[in-house]
Amino acid sequence: METPFSYKIYDHTTQLPQNWNDLGNKNVFLSREYLEILEKSAPTNMTCHFIGLFQNHDLVGIAVSQFLDLNKLESFGDRDQCIKAHIRKFILRNFSSHVLLIGNNMLTGQNAFVLSENTDPILAIRTLKKATEDLKHKFKSIGKKVHITTFKDFHHNTLKNFKIEEFKTNYQYCIQPNMTFHIPDHWKTEQDYIDSLSKKYRDQYKRARKKAIGIEKRKMHLEEIIAHEETIYDLYAHIAKNAPFNTFFLTKNHFRVCKETLKDKFLFYGYFLDEKLIGFNTLIKNGKSMDTYFLGYDDSIQREKMLYLNMLYDMIAYSINKGFEEIIFSRTALEIKSSVGAKPVEMFGFMEHSNPQINKHVYRIFPYLEPTVVWQERNPFK
């Protein structure tokens with residue numbers, strides 16, 4: 001007889017079980033520390049909950065849920081002004097403004113849940129589905145009806161776990177890929193990477209590095225991050241607002257809170273020209289993976305100095321030098337990431353609309369919600 005699963009929903013990290021990090025240490029984005037960051041500095045239109053899964057009173061799974069209120073956004077990203085973008089805004093405002101996710105909308109990759117080794121993933125997913133029903137009631141009681149429930153960012157080999165009755169009416173979607181850079185074991189320095197590039201891409205590397213002469217890159221500590229907080233936020237906000245589509249904007253204190261909480265696992269690099277901060281990028285160490293996080297830059301300088309491309313090369317160099325196995329570059333700027341050697345990894349999700357009539361047509365509506373990106377995959381290696 002199968003042992004029953006149960007779940008608990010936590011509003012605050014102070015309520016989490018003592019042994020939460022036994023599982024949280026497997027993925028930094030589900031660790032108590034990162035969840036504290038969400039608690040202290042999540043986007044203003046986001047409400048987070050943390051879910052513990054139990055079997056025989058033992059903690060066997062941990063998950064994060066996020067409720068997004070898209071009505072609180074002034075903008076979904078201002079770059080695209082086409083008819084499709086206007087239709088998307090109309091759909092989001094009128095039919096899909098309250099979204100409940102199992103997963104993390106601020107990241108790309110399987111960061112929805114972690115299970116202990118012998119835990120049945122199907123039982124766990126079934127239990128998480130029950131937890132979403134509970135969360136829907138919770139939000140309804142404060143006057144916020146959930147329109148869309150979605151389980152986000154799963155690899156192809158895990159899709160079989162969702163072929164259960166509870167997901168029969170869900171629409172399975174595949175969105176832009178997660179750009180992932182695999183680091184071969186024999187690479188020990190940046191030079192090994194450069195040597196592996198074909199002539200065309202080695203020339204691209206040299207050109208980018210030449211353009212960046214005069215820019216000083218430095219690792220910034222907490223005091224410096226705080227001192228430059230206004231500029232950092234302006235650089236980030238410029239990029240975020242010019243994205244084709246955005247469902248959240250970070251709070252001003254987010255990077256400070258990341259550094260305070262994650263300490264050495266959170267890396268903040270500033271790029272300076274004539275002592276003025278013109279760009280930054282952030283990285284989070286996640287076991288043997290290096291996850292790229294948020295960045296920002298002054299657009300006028302970035303073009304002239306090939307700043308973004310130089311940042312990608314810097315992230316690759318650092319990750320090779322420190323012995324990481326892969327870099328998670330996430331799902332923006334696909335072509336340029338491809339040109340430095342990142343490969344697309346397909347990610348899948350499941351979504352259901354609370355209105356059964358609308359739910360039948362989600363497959364028609366979804367293409368309007370997810371902007372199509374046409375890009376060409378590159379292979380920079382010999």
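Observations on the model:
- Amide H to amide H, with H built 1.01 Å from N, Arg331 comes under 5 Å of Met179, counting only residues 5 or more places away or on other chains.
- Backbone N under 14 Å from the Ile301 label point (7 Å along Cα→Cβ), restricted to the stretch 267-292: 269-281
- Here the 3J(HN,Hα) profile of the stretch 265-272, calculated from phi with Karplus coefficients 6.51, -1.76 and 1.60 at θ = phi - 60°, is 6, 10, 10, 10, 10, x, 10, 10 Hz, Gly and Pro shown as x.
- Rounded Å value of the spacing that divides the Cα centres of the stretch 108-140 and the stretch 306-338: 31
- Packing order of peptides 123-131, 199-207, 103-111, 282-290, highest average first: 103-111, 123-131, 282-290, 199-207 (average count of other Cβ atoms within 10 Å over each peptide's residues).
- Pairs from the list Lys241/Lys276; Lys152/Lys219; Lys129/Lys160 with a Cα-Cα gap above 24 Å: Lys152/Lys219.
- The fraction of accessible area contributed by carbon and sulfur in the chain is 51 percent, rounded to a whole number (1.4 Å probe; ligands and nucleic acids excluded).
- Sequence-ordered 3J(HN,Hα) estimates for the stretch 12-28 from the Karplus curve with 6.51, -1.76 and 1.60 and θ = phi - 60° stand at 9, 5, 5, 8, 5, x, 3, 8, 3, 6, 4, 9, x, 5, 6, 8, 3 Hz, glycine and proline given as x.
- 5 angstrom amide H check on Glu326, placed H, neighbours 5+ away: Ile183, Met290
- With Cα atoms, 0 to 90° folded angle of helix 83-95 axis to the chain main axis: 30
- A helix-only calculation puts the chain at -10500 deg cm²/dmol for mean residue ellipticity at 222 nm, using -39500 (n - 2.57) for each DSSP H run of at least four residues, averaged over all residues.
- Aspartates and glutamates with Cα under 16 Å of Lys168, excluding same-chain neighbours fewer than 8 positions away: Glu133, Glu352
- Å² of accessible area per residue within the chain, as computed with a 1.4 Å probe and no ligands counted: 47
- Taking the Cα centre of the stretch 179-344 as reference, the dipole from Cβ charges on Lys and Arg (+1) and Asp and Glu (-1) amounts to some 460 debye.
- Charged neighbours of Glu190, selected by a Cβ distance under 14 Å, balance to +3 (K, R count +1; D, E count -1).
The values are calculated or read from the model by the stated rules, or taken from the named source; none is laboratory data. Owing to the predicted nature of the structure, the values given are computational and were not obtained by experimental measurement. Cβ atoms come from the backbone with ideal geometry, glycine included; neighbour counts cover every protein chain shown. What goes into the accessible areas is simple: the full protein's heavy atoms, side chains included, and nothing from ligands, DNA or RNA. Shrake-Rupley method; radii C 1.70, N 1.55, O 1.52, S 1.80 Å.
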